[in-house]
1. Relative to the longest principal axis of the chain, what angle (0 to 90°, nearest 10) does the C-alpha long axis of helix 121-133 take?
2. Considering only segment 120-273, what is the antiparallel percent among its DSSP beta bridges, to the nearest 5?
3. Given axes a ≥ b ≥ c from the Cα gyration tensor, I'd like to know whether segment 1-149 is rounded (a/c under 1.5), prolate (a/b larger than b/c) or oblate.
4. Working from the alpha-carbon coordinates of segment 213-316, get Rg over Rh, Rh being the Kirkwood radius.
5. Could you report segment 1-93's accessible area per residue, 1.4 Å probe, as an integer in Å²?
6. Restricting to the chain, compute how many DSSP beta bridges are antiparallel as a %, nearest 5.
7. Counting only protein heavy atoms and using a 1.4 Å probe, what share of the accessible area of segment 87-186 belongs to carbon plus sulfur, as a whole percent?
8. Ignoring ligands, DNA and RNA, what percent of the 1.4 Å accessible area of segment 410-492 is carbon and sulfur?
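The values are calculated or read from the model by the stated rules, or taken from the named source; none is laboratory data. Keep in mind the model is a prediction, meaning the values are calculated, not measured. Don't worry about glycine lacking a Cβ; one is built from the backbone with ideal geometry, like all the others, and counts go over all protein chains shown. Surface areas here come from the heavy atoms of the whole protein model, side chains and all, with no ligands, DNA or RNA. Shrake-Rupley method; radii C 1.70, N 1.55, O 1.52, S 1.80 Å.
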Amino acid sequence: MTKTRDIRVRFAPSPTGPLHMGGVRTALYNYLFARRHGGKFLIRIEDTDTARFVPGAEQYILDSLRWCGIEIDEGIGAGDGTTEKQGPHAPYRQSERRDIYIKYAQQLIETGNAYYAFDTADALETLRTEAEARGEKFSYDHTVREGLETSLRLPADEVAERIARGDQYVIRFRIPAGEDIKMNDLIRGEVTINSSTLDDKVLWKSSDGLPTYHLANIVDDHLMEISHVIRGEEWLPSLPLHYLLYRAFGWSDTQPLFAHLPLLLKPTGQGKLSKRDGDKMGFPVFPMRWISPEGDIAAGYKEDGYFPEAFVNLLALLGWNPGTEQEIFSMEELISQFSLDRVSKSGARFQPEKARWFNHEYMIRKSDAELTDAFTPILAEKGIAWERPKIERIVGLVKERATFPGDLWELSSYFFLAPTHYDDKAAAKFWKGENPARIAALKEVLAAEVRAAQADNDWTTANIDRIIHSWIEAGGHPMGQVMNSLRLAIVGESKGPGLAEICEIIGKTETLARIDNAINKLKTATAAAI
Ligand code: GLU
């Protein structure tokens with residue numbers, strides 16, 4: 001690879017189902033790497049495995065990346081959606097590139113690097129069973145290939161005839177025997193594998209009329225001038241084959257550099273985080289809700305109330321670390337700091353409580369206006385349509401304690417609805433002795449002061465506070481008892497921000513009405529209890 005090579009990376013998902021959060025992380029790291037180095041981020045859809053194709057998966061993948069704020073420069077999802085506008089290497093969907101691959105499969109056959117194999121599934125099954133009976137594992141490799149139904153053994157005219165008459169075949173790569181293959185991984189360093197441990201992988205299936213992943217992937221990464229392949233660790237075992245494929249094509253000099261990302265581990269730290277773990281352990285493993293063609297529903301971060309920025313932030317730190325204590329990163333900060341040499345080799349344990357922590361951190365950093373946008377529809381569903389400045393204020397007062405926008409109602413409902421029930425513990429503790437009478441007296445003072453002031457805008461936090469405190473001081477009343485009783489009357493329990501501010505927001509009429517209501521209801525409740 002020459003030093004001046006343009007940085008071009010790709011995310012190459014197979015549309016076999018929804019994108020798992022590990023897949024989103026792979027896309028994110030590719031995107032960050034591209035942006036960091038002023039390169040291009042491509043999307044290529046690897047859909048040659050027709051048996052595993054799932055309708056809707058491709059759109060889901062694109063929607064998820066868009067939600068995360070990952071922008072596509074080239075390929076599927078780039079431009080205006082037309083094939084011509086996707087970029088210079090269109091089409092970027094492998095099922096539409098069949099003609100391109102035929103030529104390259106042919107080239108490998110002609111150079112002796114690949115061969116036709118006609119073994120039926122039954123014949124291979126028999127070989128497997130026989131090997132097992134001997135206590136061995138069957139491997140389609142240099143030890144057996146010459147004796148099987150392949151173009152290595154059969155005369156050329158018979159091979160041609162079988163193909164012409166429509167016999168099913170596969171094309172297999174001919175792995176050289178006994179060779180040490182030295183590979184380099186940007187995260188793991190140098191890795192050496194002996195080629196004798198590899199089997200002759202299938203590169204083409206006549207049944208699909210399409211190449212398999214291995215052939216299509218190498219041909220496309222070459223033709224699309226990919227500079228770095230950044231992908232999940234599960235592809236590391238394929239790396240020797242990929243090295244050999246580049247060599248067989250004569251492309252070793254320009255082959256991409258490789259980086260295999262560590263696995264995402266279950267919250268227990270034991271084993272790979274799987275698509276089923278979310279349901280079992282009660283957290284989403286998908287970026288967005290997925291409804292399968294069969295109608296099964298899997299939870300998504302988006303619908304569960306996560307902010308895309310929080311989701312991206314938490315994924316970025318699952319496998320990469322900045323080398324500092326910083327934990328909160330905007331996309332711009334990630335772009336300016338991301339580097340592959342700070343990606344770890346060992347698996348990254350996913351912790352659902354840490355995910356919630358990130359969301360909370362973003363929650364408190366969000367502007368009141370933005371949160372009000374999220375909260376207004378929740379209020380509308382409950383038939384509440386307050387003026388926006390008040391809602392913004394309320395949001396600002398309670399967001400500190402929220403993790404998700406959905407928590408805002410629970411934390412602030414008492415602003416919108418007068419209490420219909422009073423917390424038993426708080427009532428037992430404070431609604432006793434002289435307190436009910438004190439609150440009744442205080443209410444009269446509040447009403448009178450406001451009447452005297454004759455103006456709504458005198459009903460301010462500062463004024464209310466002043467009235468309450470001077471009354472307490474003048475009468476020598478116990479501050480804690482009075483304030484807690486008043487809070488019980490207005491909020492129904494012992495929670496919430498500053499009481500005077502609550503009074504201001506709900507308004508004087510409502511405040512006085514709530515006090516009256518509490519005096520009546522709590523009296524009845526206490527009487528009934530006797
Ligand atoms: N299509 C492969 C996948 O689904 C891509 C692997 C690669 O990036 O080479 O993960």
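1. 90
2. If we restrict to bridges inside segment 120-273, about 65 percent are antiparallel.
3. prolate
4. 1.09
5. Accessible surface, normalised per residue, equals 41 Å².
6. Here the antiparallel bridges make up roughly 55 percent for the chain.
7. 49
8. 53
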